[in-house]
Structures are given as structure tokens and as C-alpha cells.
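Trainee: First, the structure itself, so that you have it in front of you.
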Amino acid sequence: PPKSTLFPYTKLFRSKHNLGITKLNNFKRKAQAEVKSFVNNSINKMIDSEKPKVIACEDLSWNKKSSKGKRYSKTNRWLSSWQKGYLQDRLVFKSFINNIKLVLVNCAYTSKVCSRCGHFGDRNGTHFNCTKCRLSIDADINAGKNIFDRLYDGDISLYTKYMTVRDILNGRLELDALHPSTDASKTFIA
């Protein structure tokens, strides 16, 4: 037979038995298993050492259809391989097994707002700096404090849109500027 009719079969054979692809798939499988093991061990250690009654975490779910604009395929591939879905699944499972209440909170601006004064600050990689009160702190610790505060915030629910959250936060700052004796940025209506 002519060479052109054999080409699709040889391409299939080469891709199926390519050692580079096999090694890459084995590497990916091992890396994902290590991440899953790390996630499980970390959650178990946290539950054993802290013995929490309530766990608050951000709802970081996303879906391809809800995104505005078009993402690059590389970004979609990266987000699909991210283990956040596994982390959230394990948190749900471990909290159920250990009789812990798991509360998802709105993640809008938790890493961009100062946990001390409520003003918007600058996040530079892993570090957060507040321009108002001069707080300089690890960005994850700052976000964690804001997530904890968001747990008891009656104005911002899980389904509040991010622009509405920004308006609420700015409104609290304006109220705090008008009445400096009260800390309106940390006043929540339960």
C-alpha cells in the first residue's frame, strides 16, 4: 500500500508507545498522588492539633462557562489540573467524619483588604502592606483573618457579587471616616 494510507496508523502507534509520554504520565500520576497525600495529612494534623468546631474557607469554585471573555487553553489546562477541588472535597469529608461545621464564605477581596483597619492595601506576592495603618503581614495570614471575619459578617453572604462586596467595604470605610469613634470597618450586623 502507498505510504499515505499507513500514515494514520503509524502516528497512532508512535503516540501510544512513546516512552516520553509514558514517563510524563507516570510523573503526573506520582505528583498528584503526593499532593493528595500531603492534603490528607495536613487536614488530619490540623484537626488533631486545633480540634475546631467550625472551619471557614473560601468558595473558590469556578466553571468554564461562567467566565467572562475567553481564556487561553493553557490557563484552562492549569486550572483543571489544580487540586483545589480535591482539597475542598477532602475538607467536606473530614469535617463530616469529625462532626465539624464547614462554612464556605465569599472570597471577594479577602486578600486585598487589611485585616486590621479594613482599608484596601497592596498585595505583593506573598506579602501584604496596608497603606493606611502601615500593617505589614504575610498575605495568607491577612486573608485568613479576613475569612474568619467574613464568617460572622451579616452583610456579605456567600452569593454576594464581588462589586457589591466592594461597595459594602467602601461604605464601611466612609462610615468610619464620618464617625471615627466607632470602628465601622469591623462592625457587622448579625
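The values are calculated or read from the model by the stated rules, or taken from the named source; none is laboratory data. No experiment lies behind these values; they were computed from the predicted model shown. Reconstructed Cβ throughout: ideal geometry from the backbone, glycine too, with neighbour counts over all protein chains shown. Each accessible area value is taken on the protein alone, full model and side chains, heavy atoms only, with ligands, DNA and RNA left out. Shrake-Rupley method; radii C 1.70, N 1.55, O 1.52, S 1.80 Å.
Listed here are the residues, each with its yes/no results for (1) more than 30 Å from LYS28 (Cβ to Cβ); (2) in contact with a Phe, Trp or Tyr (Cβ under 6 Å, 6 or more places away or on another chain).
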residue	(1), (2)
LYS94	no, no
LYS101	yes, no
CYS114	yes, no
THR131	yes, no
ILE141	yes, no
ASP153	yes, yes
LYS161	yes, no
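Trainee: With the condition kept exactly as written, say whether any residue in the range 109-116 is of a type in the set (Gly, Ala, Ser), open to solvent by less than 50 Å² (accessible area, probe 1.4 Å) and at pLDDT below 70.
Mentor: No - not one qualifying residue is present in the range 109-116.
Trainee: Name, by its number, the condition in (1) more than 19 Å from the chain's Cα centre (by Cα); (2) surrounded by 12 or more Cβ atoms within 10 Å (Cβ to Cβ); (3) at pLDDT 90 or above; (4) more than 25 Å from LEU102 (Cα to Cα) that does not hold for ARG123.
Mentor: (1)
Trainee: State the number of residues belonging to the range 157-182 that are assigned to a loop (DSSP other than H, G, I, E, B) and of a type in the set (A, V, I, L, M).
Mentor: 1
Trainee: Filter the range 67-84 down to residues that are part of a helix (DSSP H, G or I), within 18 Å of the chain's Cα centre (by Cα) and either farther than 24 Å from ARG150 by Cα or at pLDDT 90 or above (or both), then give me how many there are.
Mentor: Of the residues in the range 67-84, the ones part of a helix (DSSP H, G or I) are 73-81, 84.
If we keep only those that are within 18 Å of the chain's Cα centre (by Cα) as well, we get 75-81, 84.
Restricting the remaining residues to those that are either farther than 24 Å from ARG150 by Cα or at pLDDT 90 or above (or both) gives 75-81.
Residues in the range 67-84 being part of a helix (DSSP H, G or I), within 18 Å of the chain's Cα centre (by Cα) and either farther than 24 Å from ARG150 by Cα or at pLDDT 90 or above (or both): 7 in total.
Trainee: Mind telling me which of the residues LYS53, LYS101, LYS94 ends up being over 14 Å from the mean Cα position of the chain (by Cα), open to solvent by less than 70 Å² (accessible area, probe 1.4 Å), at pLDDT 65 or above and closer than 29 Å to ASN41 by Cβ? I'd like the intermediate steps shown before the answer.
Mentor: Numbers: LYS53 fails: open to solvent by less than 70 Å² (accessible area, probe 1.4 Å); LYS101 fails: open to solvent by less than 70 Å² (accessible area, probe 1.4 Å).
After ruling out the rest, the residue left standing is LYS94.
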